[in-house]
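Okay, structure first, notes after.
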Amino acid sequence: MQESRKIGIVGAGWVGLVTGGCFAELGHNVIVRDIVEERIESLRAGRMPFHEPNLPEMLEKNRERLRYTTAAEELGEADVLFICVQTPPTYSGDADLSYVWNALDDLPRSERRQILVMKSTVPVGTGDKVRAALEARNLSNVGYASNPEFLAEGNAVRDFLNPDRIVIGAFHEEDAVSVEALYSGIEAPIVRTDVQSAEMIKLAANAFLMTRISFINEIANVCEAVGADVVEVARGVGLDHRLGPHFLRAGIGYGGSCFPKDSLALKQLASNSGYHFQLLSAVIEVNELQKRRVIAKLQKHLGKLRGKKVALLGLAFKPGTDDMREAPSLVLASRLLAEGVEVRAWDPVARPTELLKGAQICDSVLEAVTGADAAVIVTEWDDLRTLASDAVRDAMARPLIVDGRNLLDPDETRAAGFAYEGIGRPTSPFEALAQTAEPPPRVQR
Ligand SMILES: NC(=O)c1ccc[n+]([C@@H]2O[C@H](COP(=O)([O-])OP(=O)(O)OC[C@H]3O[C@@H](n4cnc5c(N)ncnc54)[C@H](O)[C@@H]3O)[C@@H](O)[C@H]2O)c1
């Protein structure tokens, strides 16, 4: 058993709560601070502010080592302070560091040696600025390390406890040693490096993952033009040990609280430094266009969209979370509403947001598809694997499924009496002809 330390967590969001819960699981005493009172009150009452599998159990199991507060002074007791506040994009696309600066301003002065650890995703150079700000306040007793987080929502607890690597960049060796010691109990390669490189590793890793997504989406679009099947192509490509199978799943593009903002932030970071990051610009543009291709697929089958009913199935940016930040569903809903479509939306956990104003939120898949001219799979929730059922087919005005995540088997779906459009998958000769506004005849079974 390693030495138990006092850890302060600044920000009770996805990263902060998972980090706090997992460090408590590793035996440390954790104080989680947030500025939103209701959030702290619900955590004290054992209620989760968002949906993340296994996190409620982890927090409950370790509740004796976890404390929640809005009072910044309580962080004065901590040996190590993890900054886990949001870093959203500004209007210019740069990362907005105002939450980070506010969090630093709130920190109580402590006589003891403390280490500030940046878990929020920040531009390269942030560590230098924080270091300078600490020096300017005569806080040279406060160390600094960059320890970016790579967890993925929906798998966050597992990712934190079984990471591919732990990256630690510090100005002083002793701080890196202290941060590394906190993770003892977790088996993972440790990447000890300088602060700037640690900051860049996070941005580069995300940019590379997004590049793979946009790459396979472009391959999918070419597959559609030439009659190949992107699922087969990705399988054959991914078996190459130099490439691997991950993030080669074609679909309607990435969203979420990280990829869109982090790609913009890296692009701006490069251009602020005089470099035009062309590849990343293309990755971002491909992703924007990919979301909109669903509209063309619907038009191909339905003709004019005005007055049609479309069910959007899945609203969260990916399954396993209720996070709607930058979800493709938001772009799709607003594009469809602008076309005069009646949008019916369903998700098993995501809460409707202001941005979905105008869409009718439904309690079940069946309610959403009833009377619909098309059903679009936007998020690959497991519940949707059985979408091609008799009940759904009979409830729809037209049995058309646009599978934005290639979740269903095209042949089985067609055999169940649906017209089917995936992403980068060959259309059947029958469907290629069905480019009129007329409903396709129902297939006899
Ligand atoms: N969500 C992810 O999957 C993920 C993964 C890796 C990295 N990150 C990065 O981690 C950071 C946090 O992301 P998140 O998704 O957890 O954000 P979030 O928005 O879910 O949570 C941030 C929390 O910080 C709180 N906060 C803001 N200012 C504060 C202050 N001064 N003192 C205390 N609390 C404060 C907010 O009220 C909020 O509860 C971001 O930089 C993000 O890019 C996120």
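The values are calculated or read from the model by the stated rules, or taken from the named source; none is laboratory data. A quick note: this is a predicted structure, and the numbers were derived from the prediction, not measured. Methodologically, a virtual Cβ is constructed for each residue, glycine included, from the backbone with ideal geometry; neighbour enumeration extends over all protein chains shown. Each accessible area value is taken on the protein alone, full model and side chains, heavy atoms only, with ligands, DNA and RNA left out. Shrake-Rupley method; radii C 1.70, N 1.55, O 1.52, S 1.80 Å.
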message = Quick check on segment 208-225. Is at least one of its residues within 22 Å of THR121 (Cα to Cα), within 16 Å of the ligand (Cβ to nearest atom), open to solvent by 20 Å² or more (accessible area, probe 1.4 Å) and without any contact (Cβ under 8 Å) to a residue 24 or more places away in the chain?
response = yes
inquiry  = If I filter segment 127-144 down to residues being of a type outside the set (Gly, Ala, Ser) and open to solvent by 20 Å² or more (accessible area, probe 1.4 Å), which single residue comes out as farthest from the chain's Cα centre (by Cα)?
reply    = ASN138
query = Any idea how many residues of segment 4-24 are in contact with a Gly (Cβ under 6 Å, 6 or more places away or on another chain) and under 13 Å from VAL85 (Cα atoms)?
reply = 1
query = Looking at (1) out of contact with any strand residue (DSSP E or B) (no Cβ under 7 Å at 6 or more places or on another chain); (2) in a loop (DSSP other than H, G, I, E, B), can you tell me which one ALA204 breaks?
reply = (2)
message = Out of everything in segment 1-15 that is small (Gly, Ala, Ser) and surrounded by fewer than 24 Cβ atoms within 10 Å (Cβ to Cβ), what residue ends up being farthest from the ligand (Cβ to nearest atom)?
response = SER4
key: Candidate set: segment 297-318, residues that are open to solvent by 40 Å² or more (accessible area, probe 1.4 Å) and not small (Gly, Ala, Ser); chosen: the one farthest from the ligand (Cβ to nearest atom)   = LYS304
query = Looking at segment 17-24, is at least one residue more than 9 Å from the ligand (Cβ to nearest atom), over 24 Å from SER178 (Cβ atoms) and not in a loop (DSSP other than H, G, I, E, B)?
reply = no
query = Only one of GLU173, GLU199, GLU153 is acidic (Asp, Glu) and away from the ligand (no atom under 16 Å from the Cβ); which?
reply = GLU173
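Here is a yes/no grid of residues against (1) in contact with a Leu (Cβ under 7 Å, 6 or more places away or on another chain); (2) acidic (Asp, Glu):
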{"position": "LEU337", "(1), (2)": "no, no"}
{"position": "TRP346", "(1), (2)": "yes, no"}
{"position": "GLY358", "(1), (2)": "yes, no"}
{"position": "ASP363", "(1), (2)": "no, yes"}
{"position": "THR379", "(1), (2)": "yes, no"}
inquiry  = Between GLU431, GLU412, which is on the phi < 0 side of the Ramachandran plot and either modelled with pLDDT under 95 or not in a helix (DSSP H, G or I) (or both)?
reply    = GLU431
ask   = Within the bounds of segment 58-76, is there any residue that is open to solvent by 10 Å² or more (accessible area, probe 1.4 Å), part of a loop (DSSP other than H, G, I, E, B) and within 20 Å of ALA12 (Cβ to Cβ)?
value = yes
query = Restricting the search to segment 103-127, which residues are in a helix (DSSP H, G or I), touching a residue at least 24 places away in the same chain (Cβ under 8 Å) and more than 20 Å from LEU203 (Cα to Cα)?
reply = ALA103, LEU104, ASP106
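Could you pull out the residue among GLU52, GLU41 that is within 14 Å of the ligand (Cβ to nearest atom) and out of contact with any helix residue (DSSP H, G or I) (no Cβ under 9 Å at 6 or more places or on another chain)? Before the answer, list the steps.
Values: GLU52 fails: out of contact with any helix residue (DSSP H, G or I) (no Cβ under 9 Å at 6 or more places or on another chain).
That would be GLU41, the only listed residue that is within 14 Å of the ligand (Cβ to nearest atom) and out of contact with any helix residue (DSSP H, G or I) (no Cβ under 9 Å at 6 or more places or on another chain).
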key: Number of the exception - ARG292 against (1) open to solvent by 20 Å² or more (accessible area, probe 1.4 Å); (2) within 16 Å of the ligand (Cβ to nearest atom); (3) at pLDDT below 95   = (2)
query = So which residues in segment 19-56 are free of Cβ contacts under 8 Å to residues at least 40 places away in the same chain, open to solvent by 60 Å² or more (accessible area, probe 1.4 Å) and closer than 20 Å to PRO348 by Cα, if there are any at all?
reply = ARG47
